[in-house]
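The structure appears below as structure tokens.
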Amino acid sequence: MTDIWNNFVSIFNQYIIDFSWVSVILRIILAVLVGGIIGSERGRSGSPAGLRTHILVCVGSAMTALISVFIAKNGDFGDIARIPAQVISGIGFLGAGMIIVKKNNVITGLTTAAGMWATATIGIALGYGFYLGALIATAACIFTAAFLTRLERRTKKSIHVYAEISEAEKSGAITEEIRALLGKEALIEVSRPRSGTSGNVGLYITVSTQNAAPNCREHIEKIDGIFFAILE
């Protein structure tokens, strides 16, 4: 029995933990899966960085670690952490593009930017073969983004909704309908469409939790001419 277990451990180390083509393929596939899981959750929340972006970030980060290990294994060029270290700081340019400061000093996109950074670190962990750490970090990211987001929204003093109008000529009528639903205290800010759809008009809507109608996002989304509405 001991010999069987030792053989299993030897094979496992050779093909999964040690650097081999099997482990390379496995780590890249896991990077795609992990990036897809985190990205799909952010996509459901209406984030501009969704499934594809998170997959690319995770795979790219994993590749930096794999390249470092490959170089070290074949040429012994020194520090294998040097290339992945640049990802930790370099991913900031993507995160910065997600963060938006609106006229009413409300900042959005921080969760998405932090999620991108976390996804990059998970990709690096997978590239190095640190499977357990990557798995735990993925579970923590999903728990934070999916469950704690709901809790955070319940404790906020104001509700922020982003909506897009599919017909620009109806903007005035739709804005008045939103004010009738949420009250005159609601702050509505017109912006460029986040979806990038030509002809659409973006709306950032802020209303206090006291004045907000129950399920206000769903009510806004049902208004004729609204392309989609999401909670910030």
Of all residues in the stretch 93-107 being surrounded by 13 or more Cβ atoms within 10 Å (Cβ to Cβ) and over 13 Å from the mean Cα position of the chain (by Cα), which is modelled with the highest pLDDT? Ile100
From the residues in the stretch 182-199 that are surrounded by 16 or more Cβ atoms within 10 Å (Cβ to Cβ) and either of a type in the set (Val, Ile, Thr) or in contact (Cβ under 8 Å) with a residue 40 or more places away in the chain (or both), which one is farthest from Gly50 (Cα to Cα)? Leu187
Could you tell me which numbered condition Ala118 fails, if it satisfies all but one of (1) within 15 Å of the chain's Cα centre (by Cα); (2) at pLDDT below 80; (3) surrounded by 14 or more Cβ atoms within 10 Å (Cβ to Cβ)? (2)
In this structure, does Ala146 turn out to be under 24 Å from Glu41 (Cβ atoms), touching a helix residue (DSSP H, G or I) at 6+ places or on another chain (Cβ under 8 Å) and modelled with pLDDT under 80? yes
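The values are calculated or read from the model by the stated rules, or taken from the named source; none is laboratory data. Computed from a predicted model, the values in this text were never measured in an experiment. Note: ideal-geometry Cβ built from the backbone for every residue, glycine included; neighbour counts use all protein chains shown.
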